[in-house]
Amino acid sequence: MRRGRFAPTPSGLLHIGNAFAALAAWLQMRQCGGTIALRMEDIDKARSRASFAEQILDDLRWLGLDWDEGPREGGSYAPYVQSAREPIYEEALEKLREAGHLYPCYCSRSDLATLASAPHGLASEGAAYPGFCRALTDEERIAKGALKSPSQRFVMPARAIAFRDGWRGTQSFEGSALGDFVVKRADGMFSYQLAVVVDDAAMGITDVLRGADLLDSTPRQLALYDALGLQAPEFSHIPLLADETGARLSKRDKSLTLASLRENGVAPERLLGLLAAMAGWIDRPEPVGVRELMPLFKPVSEERLVFGGDLRTWLLQ
Ligand code: GLU
């Protein structure tokens, strides 16, 4: 039985880009008779809000998507909320530590100007941790540890990490070029990379379909699956929706959130129809019946699907 998932982060409202990825994951599982789990990724307590989590669930339902297991429905892999799953992240961390895959890192955020732990963070745009703390001597660790509590970094293997992406075909990354990444922050927060791997494995997820912004998280996650002796799912990374300038949609642009479209009177089936046409487009360029929508969006690359400025007007017609 195939199992897919939606994994929203409740640090803001859902926008149509998030809804597009959710619909694509929904189509993938509903086409093959698989199961869908919804997991709320609220591991970052400072940025997550319970009100966003509730609104996200309502927005997805409003759009017409459904799922089989989740925070409200329960299911055999409960809890479906990351903040309630910390004990299993701690277990995985111990396992990694015992097998020698971790080291304490004393670099501060400002030392580095980047952190490789957050999804869609600076790290996914390029900068890799240069490994300052990897080769500290025991004495140096003791001296630094007296001043500051460390984060825990995972040692990326120095080898090519390849996988077959369900949408983009074979992808290959050089592990060491991605840099060692944080699995637990100095303040005790587990990173997205660790939590998502532990959860997808524990929930028996076989298919992960998500936006292209997480493509370079996948080799990091595959290295974790390997180090933890877990079976990795199949991955597919689909293009992100972008505005007329080519910039991806941001949570900060409120006008394309589902909540705002609904308040402005957009019918859910009109939005769903548009997103489904886009999903049809990325599946097979120029599918029949969507020609009238073409001026509204065009694929520019494997990473971006750009739509025109009159999208809102079209949705409101
Ligand atoms: N929670 C992540 C997000 O909101 C998605 C994680 C994933 O799909 O692996 O972008």
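If a cysteine in the chain has no other Cys Cβ under 4.7 Å from its own Cβ, put it on the list, ordered by number.
32, 107
Taking a cut-off of 18 Å, what percent of all Cα-Cα pairs in the stretch 232-279 are separated by more than that?
Working: 521 of 1128 pairs.
Summing the P(r) tail past 18 Å for the stretch 232-279 gives 46 percent.
Would you grab the residues whose amide H sits under 5 Å from the one on residue 129? Only those 5+ places off in sequence or on another chain, please, with H modelled 1.01 Å from N.
180
In whole angstrom, and with the biggest value first, how far do the Cα coordinates of the chain range along each principal axis?
Extents along the principal axes: 68, 39, 34 Å.
Among 267, 84, 135, which one shows the highest mean-square fluctuation when the chain is modelled as a Gaussian network with alpha-carbon springs under 10 Å?
For the chain, modelled as a Gaussian network with Cα springs under 10 Å, the answer is 135.
Which residue fluctuates most in the GNM of the chain (Cα springs below 10 Å): 157, 130, 233?
Result: 130 has the largest fluctuation of those listed.
How large is the Kirkwood hydrodynamic radius of the stretch 166-277, counting all unique pairs of alpha carbons, in Å? It would help to have the intermediate numbers written out before the result.
Numbers: mean 1/r = 0.0596 Å⁻¹.
Its Kirkwood hydrodynamic radius stands at 16.8 Å.
Within 11 Å, Cβ to Cβ, of residue 212, how many net charges do the neighbouring residues add up to if Lys/Arg are +1 and Asp/Glu are -1?
Values: positive: 168, 210, 248, 304; negative: 165, 213, 216, 302, 303.
Net charge around residue 212: -1.
To the nearest 10 square angstrom, how much accessible area does residue 163 have with a 1.4 angstrom probe?
20 Å²
Leaving ligands, DNA and RNA out of it, report the carbon-plus-sulfur percent of the accessible area of the chain at a 1.4 Å probe. Could you put the intermediate results ahead of the total?
Numbers: 7420 of 14210 Å².
Using a 1.4 Å probe with all protein chains present, the chain comes out at 52 percent carbon and sulfur.
Charges only on Cβ, +1 for Lys and Arg, -1 for Asp and Glu: so what's the dipole of the stretch 1-116 about the Cα centre, in debye to the nearest 20?
Details: 14 positive and 16 negative charges, 50 e Å.
Result for the stretch 1-116 is approximately 240 debye, rounded to the nearest 20.
What does the accessible area of residue 167 come to, in Å² to the nearest 10, when a probe of 1.4 Å is used?
About 80 Å², ignoring ligands and nucleic acids.
What's the tally of Lys pairs in the chain whose alpha-carbon atoms lie under 23 angstrom apart, where the two lysines are 8 or more places apart or on different chains?
9
Note down the magnitude of the dipole of the chain about its Cα centre, charges +1 on Lys and Arg C-beta and -1 on Asp and Glu C-beta and zero elsewhere, to the nearest 20 debye.
Dipole magnitude for the chain comes out near 220 debye.
Pairs of alpha-carbon atoms within less than 8 angstrom and 6+ residues apart define the contacts here; what relative contact order does the stretch 1-86 have, in percent? Spell out each step's value before the answer.
Numbers: 123 pairs, mean separation 30.7, N = 86.
Result for the stretch 1-86 is 36 percent.
Order the following by accessible area, largest value first: 303, 86, 69, 244. Probe radius 1.4 Å; ligands, DNA and RNA are ignored. Present the calculation step by step, with values, prior to reporting the outcome.
On the way: 303 80, 86 50, 69 20, 244 115 Å².
From most accessible down to least: 244, 303, 86, 69.
What Kirkwood radius, in Å to one decimal, follows from the Cα pairs of the stretch 209-254?
Final number for the Kirkwood radius of the stretch 209-254 is 12.5 Å.
If you roll a 1.4 Å probe over the heavy atoms of the protein chains, what accessible area per residue do you get for the chain, in Å²?
Values: 14210 Å² over 317 residues.
Using a 1.4 Å probe on heavy atoms only, each residue of the chain averages 45 Å².
Could you identify which residue out of 184, 144, 254 has the top mean-square fluctuation in a GNM of the chain using Cα springs shorter than 10 Å?
144
Quick check: net charge around residue 229, other residues with Cβ under 15 Å of its Cβ, Lys/Arg +1 and Asp/Glu -1?
-3
How high is the relative contact order of the stretch 24-177? Use alpha-carbon pairs under 8 Å, at least six apart in sequence, and give a whole percent.
On the way: 134 pairs, mean separation 25.7, N = 154.
With pairs under 8 Å counted, the relative contact order is 17 percent.
Rounding to the nearest 20 debye, state how big the charge dipole of the stretch 129-285 is about its Cα centre with +1 on each Lys and Arg Cβ and -1 on each Asp and Glu Cβ.
On the way: 19 positive and 20 negative charges, 58 e Å.
It comes to approximately 280 debye.
Normalised by the residues of the chain, what does the relative contact order come to in percent, with Cα pairs under 8 Å and at least six apart? All intermediate terms of the calculation are to be shown ahead of the outcome.
Values: 521 pairs, mean separation 62.7, N = 317.
Relative contact order comes out at 20 percent.
The values are calculated or read from the model by the stated rules, or taken from the named source; none is laboratory data. The structure presented is a predicted model; accordingly, all values stated were derived computationally and were not measured. Positions of Cβ are generated from backbone atoms using ideal geometry, with glycine treated the same way; all protein chains shown enter the neighbour counts. Side chains are part of the model used for accessible areas, which takes the heavy atoms of the whole protein and leaves out ligands, DNA and RNA. Shrake-Rupley method; radii C 1.70, N 1.55, O 1.52, S 1.80 Å.
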